[in-house]
1. Before we move on, is residue 478 touching a strand residue (DSSP E or B) at 6+ places or on another chain (Cβ under 7 Å), assigned to a strand (DSSP E or B) and in contact (Cβ under 8 Å) with a residue 12 or more places away in the chain?
2. Inspect segment 218-236 for any residue being in contact (Cβ under 8 Å) with a residue 24 or more places away in the chain and more than 30 Å from residue 502 (Cα to Cα) and give the result as yes or no.
3. Could you tell me which residue of segment 452-473 is nearest to residue 490 (Cα to Cα), considering only residues that are touching a helix residue (DSSP H, G or I) at 6+ places or on another chain (Cβ under 9 Å) and in a loop (DSSP other than H, G, I, E, B)?
4. From the set of residues in segment 204-240 that are over 23 Å from the mean Cα position of the chain (by Cα) and over 17 Å from residue 142 (Cα atoms), which is surrounded by the fewest Cβ atoms within 10 Å (Cβ to Cβ)?
5. On the given criteria, is residue 745 over 15 Å from residue 163 (Cα atoms) and more than 26 Å from the chain's Cα centre (by Cα)?
6. Do we have residue 559 as in contact (Cβ under 8 Å) with a residue 24 or more places away in the chain and buried (at least 17 other Cβ atoms within 10 Å of the Cβ) here?
7. Of all the residues that make up segment 359-393, how many are surrounded by fewer than 18 Cβ atoms within 10 Å (Cβ to Cβ) and under 17 Å from residue 332 (Cα atoms)?
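The values are calculated or read from the model by the stated rules, or taken from the named source; none is laboratory data. This one's a predicted model, so the numbers in the text were calculated from it and none came from an experiment. Note that we place each Cβ from the backbone using ideal geometry, even for glycine, and neighbour counts take in every protein chain shown.
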């Protein structure tokens, strides 16, 4: 594989930094300082100091005094502020409004000793379940009652505009090719692998989920239909604190989920972590009616299936990390994440076969077990350095992750003629599936305020290296011994190196808001199929511009337009050419000839009274990747694989509107109308199909009294189309209630998801030579009872939040 030089990337950054330095003037930021004192020379080292925006009490920065009581807030923009102290030993102090136009010395502040234990001061802001912003939708999962006891995948399924199909492919607003990130780091999975990983993650671990439609140049260019960024909880509190939670759910099968989150913060060190265990049983009830046709559309035969799959998974999810202040200008941190997912799948697939005259010819029954085991360990080392008092920052991240999969499949197929008489020797197949995926990445970001534009200049470099090794061996055990089945076995190795550089500039004036960015990515990839020693090489470089322009006509009217160009590369499994046995008439395989998708999109956003948000968008995707079921080489058999379609045009209109009734009801509602048209030729079939689809999501929160709240969620998706597949309307409803206990230190929650058991799929597909109608239901109606207890202090300063080097913006306070 050829190695791509970074010299050109470094040159871009050097030129960009030089240009930004020429444009930038000394930033309009100032300093607030003072000294704390107390009678009797009592030490004030336990005092935390919060600087709040005067107009909305938003927390801007937190500082600690030194041993002599001196404190300094550096690089604070001109505005009006409040200073508040917080301590268990002193009464609360709150300053008058500070109008910051120059450096200010507040002098000596005398604190009054608390005679009795004071209640802790809590700086909080009420957060609605769903928040609409110009470029994204924010789902505050921690505020949701119906998320209790759920997995990350189940939370996504309830999110506005998100759907998960029968093959576990995630779509955003009717479009697949979504990039999923956790704390800003890319999850290198798709389809069932991604879904299983999200099923191993409890909603109790999640703080919020960002649904980003047109990401800036700072993000990876991957994800042609947007980014889903799952933000995990991290303690923001002084001292040692955390929460314990236990939930039990019962649908057709049981679900158990205990979890622990903790955080311990001092002046220089912040240690945080979480552990979650999940035991979940589930089922997949799938009925399929298949027909095969001649080129002249005459029936040749088919199979009718009744499938039942029962799942049981044990999931362990551990996260540990720490941030250490090396001084006033430097912070060093690390995070370790570990996920272990062991499962057992019992399969029972019964199929009846029929001929061209629709007469029964026999049947077959495939039963067996599948024991998948997935482990993922990832490490992140990060560093941030403040370069000067003007706000210039340099940050770097180093990441390593290893994904390991081991899976044993053991299936037996019995064949029967008419009257259920055995017609041939049972076919026994043992599959040993194993794979390794190693990811290494390095990322460096530069950040500088631009005074002249009241904005910011950002630039960065990133390199990532991926090594994927999949070895699959199938053995025929029909005659009592294990004989390697060379037709099904394979060994596939894939290596990929992506080097990227970006620049991003933003500016804000009284009415105008602008952001422009450009990302350059070079991809070098090589795949080798050891079975026949075939291989492929790819090396391409592309530019990805992005931008946003917003204009405020008045206090009540904002208008903005965003544009982006993005790429969706095939997943490693989609490129892997070996076949996976599902039953005697069904198999799946990757396609090493898949090309990346490229998407150009724009979105127009109007905001009325900072509450009602209307969005209109359009995008065109070329070489659109579709997962297609089509006739295989053997008669009356099908193969599922990914294929490139010429283009996909997508139009969307959405409207978000909140409703409030006094203090007892807050309702967030989102309506989406979209039209997608697929154009091209696949498997000898001309596809020129489109459909208008309507979706609606309503989240309603009821305040019964100071300690009791309730929630109602409703979702509806109209008839939709994905390539050759048409899906009938789907709707569901969830209910939840919460009771605060022990002076709000604990909570008891009860919720029921999919109350009327309607969240099933009824779909139909038709192409040249093949047609299929299927019905699918899962264990979606679940009643869950959860108890959570929060321990430790509940003071809230602004601790550092950061994502890691694999991607995304740094979220740091201070």
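1. Considered against the rule, which asks whether it is touching a strand residue (DSSP E or B) at 6+ places or on another chain (Cβ under 7 Å), assigned to a strand (DSSP E or B) and in contact (Cβ under 8 Å) with a residue 12 or more places away in the chain, residue 478 comes out as no.
2. Taking every residue of segment 218-236 in turn, at least one turns out to be in contact (Cβ under 8 Å) with a residue 24 or more places away in the chain and more than 30 Å from residue 502 (Cα to Cα).
3. Among residues in segment 452-473 that are touching a helix residue (DSSP H, G or I) at 6+ places or on another chain (Cβ under 9 Å) and in a loop (DSSP other than H, G, I, E, B), the one nearest to residue 490 (Cα to Cα) is 453.
4. If we take residues in segment 204-240 being over 23 Å from the mean Cα position of the chain (by Cα) and over 17 Å from residue 142 (Cα atoms), then 240 is surrounded by the fewest Cβ atoms within 10 Å (Cβ to Cβ).
5. Yes; evaluated as a whole, the condition is true for this residue.
6. no
7. 5
Yes/no per residue for (1) under 19 Å from the mean Cα position of the chain (by Cα); (2) modelled with pLDDT of 65 or more:
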position	(1), (2)
87	no, yes
116	no, no
119	no, no
126	no, no
133	yes, no
153	yes, yes
